[in-house]
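Chemist: Starting off with a structure, shown below.
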Amino acid sequence: DQQVKQNSPSLSVQEGRISILNCDYTNSMFDYFLWYKKYPAEGPTFLISISSIKDKNEDGRFTVFLNKSAKHLSLHIVPSQPGDSAVYFCACSGAGSYQLTFGKGTKLSVIP
Amino acid sequence: ETGVTQTPRHLVMGMTNKKSLKCEQHLGHNAMYWYKQSAKKPLELMFVYNFKEQTENNSVPSRFSPECPNSSHLFLHLHTLQPEDSALYLCASSQGGIAGWSEKLFFGSGTQLSVL
């Protein structure tokens, strides 16, 4: 019973196009959401986050959207670049807890 | 050095061996974590330390024994492991502390462990 699901194990996108990575969660107590990026042989690095009081947060080419009623968040990357090729993890936490619950990750490949 | 450093990067051990994983953070953080990433599974939290005190043990088997001598160093002592313990072990740190936790974790590169 995964609380955080990333249903697409992989995604291929052409350079310059938009990449959309999706994440669904089941726990209504989650109120803070993060995306991490992981390159091979490296640890995950924080990318962008959003709290439940917002529905959108933007940072350069990266935008995270939150739909609380649907318990769904997505990460948009536009324009996608080959250097964005990595595994992207969605993570959620709830009510001041330090515990992050991660999804399994989506491997993004941006094709030049 | 900056960030979170883990050693060794790779480790192969037999089921009867005893080994230790080391993590060091140079970020001035107060909280440190051990995560496990098995193939095709999400990252799983194992242990959390805040100000050197263990605040979380996610039902981890006793063959994994953490040690946090100070806020900058974290160890994971391994003994009599099983082949299913083969995984990537990631150390992370965050602000932590009395003022409240930060969910923004800084991860090391991990130790890829293989148990034969």
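Chemist: Starting from residues that are touching a residue at least 24 places away in the same chain (Cβ under 8 Å) and away from chain B (no Cβ under 13 Å), keep the ones in the range A:25-54 and report whichever is nearest to A:LEU108 (Cα to Cα).
Modeler: So the residue we want is A:THR26.
Chemist: Right, next: If you scan the range A:4-21, which residues turn out to be open to solvent by 70 Å² or more (accessible area, probe 1.4 Å) and either over 15 Å from A:ALA70 (Cβ atoms) or away from chain B (no Cβ under 14 Å) (or both)?
Modeler: Residues satisfying the conditions are A:PRO9, A:SER10, A:SER12, A:GLN14, A:GLU15, A:ARG17, A:ILE18, A:ILE20.
Chemist: Continuing with the same structure: Kindly indicate whether B:GLU44 is more than 13 Å from every other protein chain (Cβ to nearest Cβ) and of a type in the set (Asp, Glu).
Modeler: So B:GLU44 does not fit the description; no.
Chemist: From the list B:LYS52, B:LYS104, pick out the single residue that is closer than 22 Å to A:THR101 by Cβ and open to solvent by 60 Å² or more (accessible area, probe 1.4 Å).
Modeler: The unique qualifying residue is B:LYS104.
Chemist: Would you check which residues across the range B:1-39 are among the charged types (D, E, K, R) and surrounded by 13 or more Cβ atoms within 10 Å (Cβ to Cβ) and list them?
Modeler: If the condition is that a residue be among the charged types (D, E, K, R) and surrounded by 13 or more Cβ atoms within 10 Å (Cβ to Cβ), then B:LYS19, B:LYS22, B:GLU24, B:LYS36 are the ones that fit.
Chemist: Among the candidates A:VAL78, A:VAL64, single out the residue that is within 17 Å of A:TYR25 (Cβ to Cβ), at pLDDT 95 or above and aliphatic (A, V, I, L, M).
Modeler: Step by step, each of A:VAL78, A:VAL64 is checked, and only A:VAL64 is within 17 Å of A:TYR25 (Cβ to Cβ), at pLDDT 95 or above and aliphatic (A, V, I, L, M).
Chemist: Hey, another quick one. Which residue out of B:SER86, B:SER72, B:SER114 is away from chain A (no Cβ under 13 Å), within 22 Å of B:HIS26 (Cα to Cα) and in contact with a strand residue (DSSP E or B) (Cβ under 8 Å, 6 or more places away or on another chain)?
Modeler: B:SER72
Chemist: On the basis of being more than 9 Å from every other protein chain (Cβ to nearest Cβ) and either touching a helix residue (DSSP H, G or I) at 6+ places or on another chain (Cβ under 8 Å) or closer than 21 Å to B:TYR35 by Cβ (or both), does A:PRO79 make the cut?
Modeler: It is false that A:PRO79 is more than 9 Å from every other protein chain (Cβ to nearest Cβ) and either touching a helix residue (DSSP H, G or I) at 6+ places or on another chain (Cβ under 8 Å) or closer than 21 Å to B:TYR35 by Cβ (or both).
The values are calculated or read from the model by the stated rules, or taken from the named source; none is laboratory data. As the structure is a computational prediction, the values presented were derived from the model and not from experiment. All Cβ positions, even for glycine, are placed from backbone atoms using ideal geometry, and neighbour counts span all protein chains on display. Only protein heavy atoms, including side chains, enter the accessible area calculation; ligands, DNA and RNA are left aside. Shrake-Rupley method; radii C 1.70, N 1.55, O 1.52, S 1.80 Å.
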